[in-house]
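Participant: Before I ask anything, here is the structure I am working with.
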Amino acid sequence: MDARPTGFSRVTAPQFDPVVRLRDFTRSFGDNTIISGLDLDIAPGEFVILLGRSGSGKTTLLRTLAGLDPTPGQNVIVPASRAVVFQDARLLPWKKVWRNVALGLRQGDVRQRAEDALREVGLGHRLDAWPLTLSGGEAQRVALARALVREPSLLLLDEPFAALDALTRLRMHELVLSLWTRHRPAVMMVTHDVDEAIALADRVVLLDHGRIVLQERIEAPRGERGQVARALRSRLLGALGGQVLEGPSPAEIIALHAGGLA
Amino acid sequence: MAISHRISASLGSARWLSPLLFLLAWEAGSRSGLIPERTLAAPSKVLSTLLDMAVSGELADNLWVSFLRIVIGLAIGVTVGAVLALVAGLSRQGEVAVDPLMQIKRTIPTLALTPLFIVWFGIGETPKIALIAFASIFPVYLNLYSGIRGVDLRLLEGARSFGLSCAEQILHVILPGALPSLLVGLRYSLSVAILVLVVAEQINASAGLGYLINNARDFMRTDIIVVCLMIYAVLGLAADALVRAIENRALVWRPSIVAQ
């Protein structure tokens, strides 16, 4: 334990420092090892998607990066400014929407900052609404605003759109990409949806049994990924242990929803 | 024919009819001498006594004394209950220290403590207030404690992920989350306080509703006894309305089931 570097060394120039750096990361509950020997770097402004089946350790990894689980004696570097959007929006039902966004903000005109963030996600008209009156998509947009108002250098998304209907989900993809383009946080998003991963990511990291089994960097710009999608999907699904059936692929849908951004 | 039919139909669904008929029968029984006044005074007599007592100020004075007993006793009991619930709910050591004692206390019927309290505190105001306070601790404690423990851990985790300090988590998440339970406890405490007040006031009091009843018993003034019973009922209703009003203000964020 003592021989390991303790992190937080500032040897290289800051602009080349990854915002996230895990070396030989291991996490286990009792005898049950969830993640073992995992190395991961995330560059500033990079959009990483973590893909995996249920129980592959994705959420455990995200919770580690969020600082929600203790990591004693591990070589883990995460930025101080980070924010999480959970699958359930986790808004406090007894605080109005703007107060939820302003939760924990201390400097400046808190109300104004919350308002600006809510306008950015298209909810300028629901500032004083009670969270329990929001639809699922609206609640997730509030959760996004609450995360982004902190200007995090690392934004963590834990299957944020899994509970939304297909159309709302596509709109949320566009929203997330446009917010990411404007604010440029490093993003790590957890999902089990291969098409979502292909449409959004700079890099797809595939996790299985607590190990990274495949990494794919996608160079094609978003909205022009119809060409690479089919091959990529079958590689990812293959690594997940799935069967890839030939037939009309949903590549067109990927082009459609990512194309709305350009 | 149609009009009388309509009247009988609307009378058939009137909920005030049977109490009114009951009062009329009672009055008729008293007037005819079937119910002697020493057994139960007539409604008209009760009403005129109520007016007399209201005009003379006798009612207001004694009501005020009883009211103060409830308010002071409740204030002490609710405060102690809330503090103990916070101690037990927010820390594991607090739970270990406080909860067993509270469970033991729960098994002792409060009113059984009356003789002991008289030995300790005499027969002045103190034992009455102490009994009310003691009885109202537990409902607040139990409900607030379980409310704190029942706060959604996912909300707490969400708040933690935004860097809220421990004190901020308590202030913004735990306490508002436990508020509905606290109000339920408060409602129980209020009704228990009134119940205990009735008994406690019969301990050699020289003022208050219980004193009025005791005095009336000695002179067989059943009219005054009935007036005091009515006042107790009104106190109970008012207490309930108070908590309802607090709930409506404090829990506006809950979508009302009735409205939908």
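The values are calculated or read from the model by the stated rules, or taken from the named source; none is laboratory data. Given the structure is predicted, the values throughout are model-derived calculations rather than measurements. A quick note on method: Cβ atoms are made from the backbone with ideal geometry, for glycine too, and the neighbour counts reach across all protein chains shown.
Participant: Provide a single number: the residues in the stretch B:219-253 that are without any contact (Cβ under 8 Å) to a residue 40 or more places away in the chain and loosely packed, with under 15 Cβ neighbours inside 10 Å.
Facilitator: 12
Participant: Here's another thing I want to ask about it. Search the stretch A:42-55 for residues being assigned to a loop (DSSP other than H, G, I, E, B) and over 18 Å from A:Glu196 (Cα atoms), and hand back the single one that is modelled with the lowest pLDDT.
Facilitator: Residues of the stretch A:42-55 assigned to a loop (DSSP other than H, G, I, E, B): A:43-46, A:53-55.
Cutting the leftovers down to over 18 Å from A:Glu196 (Cα atoms) gives us A:43-45, A:55.
Details: A:Ala43: 90, A:Pro44: 90, A:Gly45: 89, A:Gly55: 80.
Going through the qualifying residues, I end up with A:Gly55.
Participant: Within the stretch A:41-63, does at least one residue satisfy the condition of being at the interface with chain B (Cβ under 9 Å from one of its Cβ atoms), over 30 Å from A:Thr133 (Cα atoms) and of a type outside the set (A, V, I, L, M, F, W, C)?
Facilitator: No; the residues of the stretch A:41-63 include none that is at the interface with chain B (Cβ under 9 Å from one of its Cβ atoms), over 30 Å from A:Thr133 (Cα atoms) and of a type outside the set (A, V, I, L, M, F, W, C).
Participant: Which pairs turn up if I take residues in the stretch A:73-84 that are within 9 Å of A:Leu154 (Cα to Cα) and look for partners that are surrounded by fewer than 17 Cβ atoms within 10 Å (Cβ to Cβ) and acidic (Asp, Glu) with beta carbon separation below 8 Å, at least 6 apart in sequence or on another chain?
Facilitator: These pairs meet every condition: A:Ser81/A:Glu151.
Participant: Condition (residue is crowded, with 18+ Cβ neighbours inside 10 Å, within 12 Å of another protein chain (Cβ to nearest Cβ) and over 24 Å from A:Thr60 (Cα atoms)) applied to the stretch A:150-171: is it met by at least one residue?
Facilitator: no
Participant: Can I ask one more? Mind telling me which of the residues A:Leu134, A:Leu105, A:Leu68 ends up being on the phi < 0 side of the Ramachandran plot, within 14 Å of chain B (Cβ to nearest Cβ) and at pLDDT 90 or above?
Facilitator: On inspection, the qualifying residue turns out to be A:Leu134.
Participant: If B:Tyr211 satisfies all but one of (1) away from chain A (no Cβ under 13 Å); (2) crowded, with 23+ Cβ neighbours inside 10 Å, what's the number of the condition it fails?
Facilitator: Answer for B:Tyr211: the failing condition is (2).
Participant: Just to confirm my filter: which helices (runs of 4 or more DSSP H) fall fully inside the stretch B:119-182 and include at least 3 residues that are at the interface with another protein chain (Cβ under 10 Å from one of its Cβ atoms)? Let's see the steps before the verdict.
Facilitator: On the way: elements: B:125-149, B:153-161, B:166-169.
By residue number, B:153-161.
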